[in-house]
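Note sheet for the following structure.
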Amino acid sequence: MRWRETYIPTLKEPPAEAEITSHKLMLRAGLMRKLTSGVYIYLPLGMKAIKKVESIVREEMNRAGGVELLLPVLHPAELWRESGRWDHYGVELMRVKDRHGRDFALGPTHEEVITDLLRGEVRSYRDLPIILYQIQTKFRDEMRPRFGVMRAREFLMKDAYSFHQDDNSLSQTYQKMFDAYSRIFTRCGLSFSPVEADSGAIGGDVTHEFMVLAENGESEVLTCSSCGYAATRERAEAKAPGLSDEKPVARELVHTPGLKTVEEVSGFLGVEPQRLVKTILYRTEEGFVAALIRGDREINEVKLKRFLRTEELQMASPEEILQLTGAPLGFSGPVGLEGVRILADYSLQDGGNFVVGANREDHHLINVNYGRDFRVDGFVDLILAQEGDICARCGKSFTSGRGIEVGQIFKLGTKYSSSMKAYFLDKEGEERPFVMGCYGIGITRTVAAVIEQHHDRDGIIWPLSVAPYQVLILPLNITHPQTRETAEELYKQLKDWEVLLDDREERAGTKFKDADLIGIPLRVTIGERSLKEGKVEIKLRGEPTPISVSIEEATQKVRSILEDWGGRGRPG
Ligand code: ATP
Ligand code: MG
């Protein structure tokens with residue numbers, strides 16, 4: 001491709017709204033433009049990088065037994081009502097009406113549509129398992145679209161769905177997808193880590209997120225350097241570093257007028273916040289639950305919901321608290337608390353002589369000890385984990401890092417097949433709901449993540465596997481006849497590779513700057529001075545110094561470098 005025949009509108013400065021490197025570079029290098037908040041136009045160079053990622057994804061999905069299809073963007077609301085997500089998915093679901101006033105959703109994910117397809121057509125266990133996937137535009141009305149295509153409202157996703165007769169078959173496919181994802185992100189040149197995660201609105205029990213390690217990542221990942229366990233902060237099974245045990249002393253009621261928060265009470269009593277116990281009351285479908293956590297830490301409601309096996313969890317209202325404890329909000333405590341299931345975080349197994357609310361207005365109890373003064377119905381992992389906490393698996397401590405979630409895989413089980421009545425006939429001729437899995441990769445987010453990991457101050461440094469072009473031929477002065485002829489000749493000889501020829505009549509400085517900015521892995525520079533010696537220069541984008549080769553050798557040299565890299569996807 002000749003530069004003048006394509007469209008690569010580079011920019012000297014990034015637009016003010018771009019906050020992180022990949023966003024700035026994708027705009028500056030002419031990969032994309034913003035249409036409106038969270039909605040982007042993919043320009044030719046960006047499109048080529050996207051296609052590269054897509055084809056790696058396709059190859060690996062096919063290799064793992066996936067079959068490609070294409071599902072519609074426009075979904076009738078009835079399907080989403082059937083699964084219960086028309087209400088549950090919330091305001092992130094983009095909704096439209098047709099001319100008759102009928103409701104539709106613009107697909108943010110396709111469990112409903114694919115389940116609807118299979119329930120009518122696949123009837124026998126003999127047709128299972130099956131893995132179907134598509135690469136398609138998704139819509140999510142994100143609360144805060146930002147960082148360009150990292151968190152967009154319209155973006156490209158590869159989504160796959162698998163259908164099985166039992167959990168065992170699902171587990172096998174889950175592992176295949178896990179391996180395929182690992183190959184995909186490795187081939188994209190990414191340094192990544194699969195981490196245990198929460199399933200959120202999608203549902204299911206087992207799920208991994210594939211995190212690209214990057215300081216601008218939106219997710220926090222906790223990793224145990226000792227046993228290798230890695231999980232999102234929400235998911236990480238952890239214990240706060242223990243408090244020293246204390247000899248129980250006599251319990252006392254103290255007057256704490258108007259003091260409700262941890263800071264107020266600990267300041268007033270001169271006790272460290274971790275010696276306080278917060279008692280938080282929740283309403284669930286099966287009655288009230290009190291969750292106890294150390295004063296310096298927060299309850300992770302996702303963990304609590306999972307433990308209680310419920311999606312419905314609400315904080316108790318001030319009226320309910322008054323009724324349950326006999327005291328207003330801010331003075332709840334476990335001592336004498338009846339008619340409520342009490343769950344305490346593991347960290348309360350250590351230490352003693354705690355301060356708790358007295359279930360009496362303007363009063364707290366001090367020197368409260370588990371066993372002697374209050375009971376619990378169970379010690380549970382309820383803590384929102386943080387760096388320095390103790391890994392529940394091995395007892396060593398967690399370090400924290402940031403990651404970009406590029407993909408996620410889920411064991412869904414029968415969540416959708418049950419609610420949508422998608423059944424097959426098993427060996428015994430019994431009707432059973434499909435066991436399902438689903439597997440997503442953010443295609444456009446992956447391109448941004450590659451740039452986040454591969455750049456320098458001058459621009460992008462594409463790994464060969466996802467580079468829009470492999471070679472850039474850069475004639476310094478295109479009006480110089482021998483320069484132009486040499487460039488054209490090389491361009492012809494290298495036609496088996498993807499080559500961009502910078503045929504613009506620009507100053508050499510501008511061309512060099514743009515070359516660094518758009519980051520094509522291999523550059524062949526043709527200048528009058530070296531031509532006099534019968535030479536051209538070859539330079540790798542990631543390396544500081546060019547090598548000088550004779551004109552005759554140039555093509556062969558370029559080929560051999562590219563072939564050496566081939567398949568590894570990472571220059572150098
Ligand atoms: P996030 O937690 O970042 O909002 P998610 O967990 O809701 O993402 P999934 O439903 O797992 O996303 O979607 C699969 C993949 O699609 C994600 O791993 C991510 O790479 C990509 N993705 C999700 N939301 C967006 C978005 N708003 N913009 C770009 N890519 C996205
Ligand atoms: Mg996800």
Q: Tell me the label-point distance for the pair residue 396, residue 369, using the 7 Å Cα-to-Cβ offset, in nm and rounded to one decimal.
A: 3.5
Q) How far apart, in nm, are the 7 Å Cα→Cβ label points at residue 4 and residue 482? A) 2.2
Q | For peptides 152-161, 542-551, sequence by mean Cβ density within 10 Å, most packed first | A | 152-161, 542-551
Q. According to a simple spin-label model (label point 7 Å from Cα along Cα-to-Cβ), what is the distance in nm between residue 361 and residue 529?
A. 8.7
Q) In Å, what Rg and Dmax follow from the Cα atoms of segment 109-200? A) 15.9, 46
Q: Largest first and to the nearest Å, give the Cα extent of segment 226-334 along each principal axis.
A: 46, 37, 22
Q. Using mean Cβ contacts within 10 Å as the protection proxy, how do 376-382, 23-29 order, highest first?
A. 23-29, 376-382
**Q.** Rg in Å to one decimal, and Dmax rounded to a whole Å, for the chain via C-alpha atoms
**A.** 29.6, 97
Q. Hull surface divided by four, with the convex hull built on the Cα atoms of segment 336-399: how many nm²?
A. 5.6
Q. Where a Cα-Cα gap under 16 Å defines reach, which lysines qualify for residue 495, not counting those fewer than 8 residues away within the same chain?
A. 557
Q.
Relative contact order of segment 127-281, please, whole-number percent, based on alpha carbon pairs below 8 angstrom and at least 6 residues apart.
A. 12
Q) Between residue 548 and residue 227, what length comes free when the chain is fully extended (0.36 nm per residue of separation minus the Cα-Cα distance, one decimal in nm)? A) 110.7 nm
Q: Starting from the Cα coordinates of segment 36-104, work out the convex hull volume and express it per residue in Å³.
A: 162
(Q) For residue 239, give me every one of the lysines with a C-alpha distance below 28 angstrom, ignoring sequence neighbours fewer than eight places off in its own chain. (A) 247, 260, 278, 303, 305, 396, 411
**Q.** Under-5 Å amide H pairs with residue 40, H placed in peptide plane, nonlocal only
**A.** 35, 154
Q: Determine the principal axes of the Cα atoms in segment 104-258, then give the extent along each, sorted from largest to smallest and rounded to whole angstroms.
A: 70, 41, 39
Q. What residues qualify as long-range amide H neighbours of residue 288, i.e. H under 5 Å apart, gap of 5 or more or another chain, H built at 1.01 Å from N?
A. 341
Q. Using Cα pairs under 8 angstrom and six or more residues apart, how large is the relative contact order of the chain, in percent?
A. 17
Q.
Net charge within 13 Å of residue 104 by Cβ-Cβ distance, Lys/Arg positive one each and Asp/Glu negative one each, not counting residue 104 itself?
A. +1
Q. For the pair residue 63 and residue 489, what calculated FRET efficiency results from E = 1/(1 + (r/R0)^6), where r is the Cβ-Cβ distance and R0 = 30 Å, to the nearest 0.05?
A. 0.20
Q. Stretched out fully, how many nm does the piece from residue 555 to residue 497 gain, at 0.36 nm a residue minus the Cα gap?
A. 19.8 nm
Q: For segment 451-550, state which GluC sites (Glu not before Pro) are in a DSSP loop and have at most 12 other beta carbons lying within 10 Å of their beta carbon.
A: 505, 533
**Q.** Per-pair calculated FRET efficiency, R0 = 30 Å: residue 260 and residue 81 via Cβ, rounded to 0.05
**A.** 0.10
Q: Over segment 52-107, calculate the relative contact order: mean separation of alpha carbon pairs under 8 Å at least 6 apart, over the residue count, as a percent.
A: 33
Q) Which of the peptides 261-273, 438-450, 123-135, 187-199 is most tightly packed, and how do the rest follow, going by the mean number of other Cβ atoms within 10 Å of each residue? A) 438-450, 187-199, 123-135, 261-273
Q: Read phi for every residue in segment 214-219 and hand back ³J(HN,Hα) as whole Hz from Karplus 6.51 cos²θ - 1.76 cosθ + 1.60, θ = phi - 60°, with x for Gly and Pro.
A: 7, 5, 8, x, 7, 9
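None of the figures in this text is laboratory data; all of them are computed from the coordinates on show. It should be emphasised that the depicted structure is a prediction, and the values quoted were computed from it without experimental measurement. Methodologically, a virtual Cβ is constructed for each residue, glycine included, from the backbone with ideal geometry; neighbour enumeration extends over all protein chains shown.
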